[in-house]
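Taking it in order: structure first as structure tokens, then the write-up.
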Amino acid sequence: MALDYSIIGERIRKSRIENNLTQENLAEKLNVSVAFVSRIECGTTHLNLTRLSEICSILNMDEGSIINGTSTESEKYLTDEFSALLKNCPKEKQKLIYDIACLIAKE
């Protein structure tokens with residue numbers, strides 16, 4: 001699966017705003033240009049793992065939530081994903097998925 005840098009950039013932008021940081025603030029903390037932060041948020045530049053880790057540290061989030069949109073530490077871990085999956089399945093498959101999930105949960 002290829003990374004979608006535009007989605008990653010959007011998650012970074014959203015988190016930056018939630019942390020009350022401007023692009024200028026984030027750029028200063030990363031020691032990069034504002035233009036570079038803008039390109040990250042637009043998804044037109046690729047991030048290496050070191051830079052991603054730095055951004056996550058500044059924004060107080062884990063890499064998984066930036067890359068996948070969810071964190072294993074979140075209370076809502078995969079809730080939206082399961083909801084969307086079930087919503088798009090016929091009722092017979094929903095029941096099968098539920099039965100399998102129940103079997104797995106009992107182990």
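The values are calculated or read from the model by the stated rules, or taken from the named source; none is laboratory data. Remember, it's a predicted structure, so these values are computed and weren't measured experimentally. Here the Cβ is made from the backbone with ideal geometry for all residues, glycine too, and neighbour counts use every protein chain on show.
Things to note:
- Whichever residue in the stretch 53-63 is without any contact (Cβ under 8 Å) to a residue 24 or more places away in the chain and closer than 13 Å to residue 9 by Cα and, among such residues, is surrounded by the most Cβ atoms within 10 Å (Cβ to Cβ): 56
- Any hit, the stretch 85-92, residues being modelled with pLDDT under 85 and more than 18 Å from residue 6 (Cβ to Cβ): yes
- Wholly enclosed helices (runs of 4 or more DSSP H) of the stretch 1-56 bearing at least 3 residues within 15 Å of residue 68 (Cα to Cα): 5-18
- Scanning the stretch 2-38 for residues that are over 13 Å from residue 59 (Cα atoms) and free of Cβ contacts under 8 Å to residues at least 24 places away in the same chain yields 2, 24, 28, 31, 32, 33, 34, 35, 36, 37, 38.
- Condition check for residue 15: buried (at least 17 other Cβ atoms within 10 Å of the Cβ) and of a type in the set (S, T, N, Q): yes
- In the set (1) modelled with pLDDT of 85 or more; (2) under 13 Å from the mean Cα position of the chain (by Cα); (3) at positive phi, the condition left unmet by residue 69 is number (1).
- Here residue 26 passes the criteria (1) more than 15 Å from the chain's Cα centre (by Cα); (2) of a type in the set (A, V, I, L, M); (3) at pLDDT below 95 except the one numbered (3).
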